[in-house]
Amino acid sequence: MYLKKPLWSEGIETTKQDSTGSSSSSSDPNASVVELVNSLQQQRVYREVTLALTTGLRDARAEFSFLRLRALRSILNFLNSIAHSHSTIYLFNLTQSIPHLQVLPVLFQHSLKETENDYNYSRVGDVSHIFGVEPMKLTSPSTDDEIALALRVLEGCCLLHPHSTTLAHQHNAVQVLLNILSTRGVLEQSACLDALISLMVDSSPNQMDFEKCNGIMEVADLIRDKQVDENLRLKCGEFLQLLIGHVNGRDSPPLASIHEDTRRLLGETSASLIWAASQFGSTLDPEQRLTALQIQARRILESLDLY
């Protein structure tokens, strides 16, 4: 669902202009009208935000993957539509304090749920449903597209609502994402690297989990592997630059040894390139920053002799 401007809100500007040009005797009534209209508009936007989340999260809990995929696509479009307005971001942040409107728990309980244990259990054979009155509940496994979209939604929530990183930590998000990074395909791995960065920004618990799970080794294994897709290796190079840049100058946990780990895993030359890239670009605009990341990532690959 996209947030649309109501027809009656077109009168706001006219009312504001009339109030500025009118005499002091009539300024108070006009100001009251403007305040009322703004209040009504905020209430309408909040209702649309809650409706979009309620509808999307309902299908995101569905048993069938195609329904969850449709819901995730709707939620992602919704996050994109509110990202350009501070007021709508604020309203979204308010909704994330309401348990039944929180996005992250639904992601980790359904689309990003690790089903290996359930699968192994079902192989042994559970026939209890045969002797009961309740039919056995079947849930289709998450597809590649569903997992990739769920990771994009996770990234968007963490960027728009910083407290979502705390919710993610409660669901062992870093460990779940590192498992995806080491076992899934290129589509999910690329989205996983972006989501990991959003999880670890200003989040010491998630950074500690990344260090505890040897996340830097997982990324280093991918970037050194000549059989891995080149675009994914470039994405790993960009990830390392962002990670090193975020913890640069830190001499205490978490990630205190990341510079030494990078030298040990990738060599002195590549580690120096990553460190040098992390020193620049903070004053660049987003497009220039992205271009610089991509150029430096290719240099890192060349230094590893991956061609």
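A quick yes/no check of all residues on (1) outside any helix (DSSP H, G or I); (2) buried (at least 17 other Cβ atoms within 10 Å of the Cβ); (3) modelled with pLDDT of 95 or more:
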| site | (1), (2), (3) |
| --- | --- |
| V49 | no, yes, no |
| A71 | no, yes, yes |
| N77 | no, no, yes |
| H84 | yes, no, no |
| S97 | yes, no, no |
| V106 | no, yes, yes |
| E114 | yes, no, no |
| Y121 | no, no, no |
| E134 | yes, no, no |
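Scan the stretch 53-69 residue by residue and report those that are part of a helix (DSSP H, G or I) and among the aromatic types (F, W, Y).
F66
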(message) Checking the structure you have, find out if any residue of the stretch 271-278 is among the aromatic types (F, W, Y), modelled with pLDDT under 85, part of a loop (DSSP other than H, G, I, E, B) and open to solvent by 70 Å² or more (accessible area, probe 1.4 Å).
(response) no
(request) Give, as residue ranges, the helices (runs of 4 or more DSSP H) completely inside the stretch 159-248 that count at least 2 residues that are open to solvent by 20 Å² or more (accessible area, probe 1.4 Å) and of a type in the set (D, E, K, R). (result) 204-212, 215-224, 230-247
(request) Name, by its number, the condition in (1) open to solvent by less than 20 Å² (accessible area, probe 1.4 Å); (2) at pLDDT 95 or above that does not hold for S65. (result) (2)
(request) Consider I89 carefully, then state whether it is within 27 Å of K212 (Cα to Cα), aliphatic (A, V, I, L, M) and at pLDDT 90 or above. (result) no
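The values are calculated or read from the model by the stated rules, or taken from the named source; none is laboratory data. Bear in mind that the values here come from a model prediction, so they are computed numbers and not experimental data. Note that we place each Cβ from the backbone using ideal geometry, even for glycine, and neighbour counts take in every protein chain shown. SASA here: full protein model, heavy atoms, side chains in, ligands and nucleic acids out. Shrake-Rupley method; radii C 1.70, N 1.55, O 1.52, S 1.80 Å.
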